[in-house]
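Engineer: My questions all concern the structure below.
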Amino acid sequence: MPIRNINRERGLSHYGISRTFRVFFDLITIRFLLRYLSRPLHFFGTFGLLSLLSGSAVVAWLGVEKFLRNIPIMASHGPLMMLALGLLLGGLNLLAIGLLGEMQVRHYHEPRHRAPYSVDRVLRSQNEEHSVSE
């Protein structure tokens, strides 16, 4: 379809960088809702497990440093230990949010036996139509 651009007669455009960010965040929200509305644990669980695994790896490395090499952890790796604890707690929180989201999705869809999708139309082949009518 052809588009005709009309030049602005007066005034300035109010479309700035702040509006660009708002549109970008709206697009991210729409993408999230389309992909993860009925399965929030897939989104939050992925990041939660990555965070838990990376925090556990750092804690394991710090344990090796402490017990096998006798290095004082707080003196030499204090900030790294705090990062590992933050990763572990953040991962647990993300998993908990995902589980709570899953429970809310189930709670919303189960009582009314409502499907999380809608059927636009049903297509049948000619063989199915003959077997249904007989």
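Engineer: Which ones in the range 70-82 are surrounded by 12 or more Cβ atoms within 10 Å (Cβ to Cβ) and outside any helix (DSSP H, G or I)?
Structural biologist: Correct list: 71 only.
Engineer: Could you tell me whether the range 53-69 includes any residue that is under 24 Å from residue 39 (Cβ atoms) and either assigned to a helix (DSSP H, G or I) or among the small types (Gly, Ala, Ser) (or both)?
Structural biologist: Within the range 53-69, the subset under 24 Å from residue 39 (Cβ atoms) is 53-54.
So of that shortlist, the ones also either assigned to a helix (DSSP H, G or I) or among the small types (Gly, Ala, Ser) (or both) come out as 53-54.
Checking the range 53-69: at least one residue is under 24 Å from residue 39 (Cβ atoms) and either assigned to a helix (DSSP H, G or I) or among the small types (Gly, Ala, Ser) (or both).
Engineer: Do you know which residues across the range 6-52 are among the polar types (S, T, N, Q), outside any helix (DSSP H, G or I) and closer than 21 Å to residue 93 by Cβ?
Structural biologist: Initially, the range 6-52 is screened for residues among the polar types (S, T, N, Q), giving 7, 13, 18, 20, 29, 38, 46, 51.
Narrowing further to those that are outside any helix (DSSP H, G or I): 7, 13, 38.
Selection gives nothing.
Engineer: Here are some residues: 100, 52, 68. Which one is under 30 Å from residue 118 (Cβ atoms) and modelled with pLDDT of 85 or more?
Structural biologist: Values: 52 fails: under 30 Å from residue 118 (Cβ atoms); 68 fails: under 30 Å from residue 118 (Cβ atoms).
Criteria check complete, one pass: 100.
Engineer: Whether any residue in the range 25-47 is in contact with a Pro (Cβ under 8 Å, 6 or more places away or on another chain), of a type outside the set (Phe, Trp, Tyr) and open to solvent by less than 90 Å² (accessible area, probe 1.4 Å) is what I want to check.
Structural biologist: To start, the set of residues in the range 25-47 that are in contact with a Pro (Cβ under 8 Å, 6 or more places away or on another chain) comprises 37-38.
This time we only want the ones that are of a type outside the set (Phe, Trp, Tyr), so: 37-38.
Restricting the remaining residues to those that are open to solvent by less than 90 Å² (accessible area, probe 1.4 Å) gives 38.
Yes.
Engineer: Can you go through 95, 88 and tell me which one is surrounded by 14 or more Cβ atoms within 10 Å (Cβ to Cβ), within 16 Å of the chain's Cα centre (by Cα) and assigned to a helix (DSSP H, G or I)? Step through it out loud before you land on a result.
Structural biologist: On the way: 88 fails: within 16 Å of the chain's Cα centre (by Cα).
It is 95.
Engineer: Would you confirm, using the coordinates I've provided, whether residue 30 is under 30 Å from residue 118 (Cα atoms) and β-branched (Val, Ile, Thr)? Before you say what the answer is, go through the steps one by one.
Structural biologist: On the way: under 30 Å from residue 118 (Cα atoms): yes; β-branched (Val, Ile, Thr): yes.
When the stated conditions are applied, residue 30 passes them.
The values are calculated or read from the model by the stated rules, or taken from the named source; none is laboratory data. Note that the coordinates shown come from a computational prediction; the quantities given were computed from them, not determined experimentally. Using ideal geometry, Cβ is built from the backbone for each residue, glycine included, and neighbour counts are taken over all protein chains shown. With ligands, DNA and RNA removed, areas are computed over all heavy atoms of the protein, side chains included. Shrake-Rupley method; radii C 1.70, N 1.55, O 1.52, S 1.80 Å.
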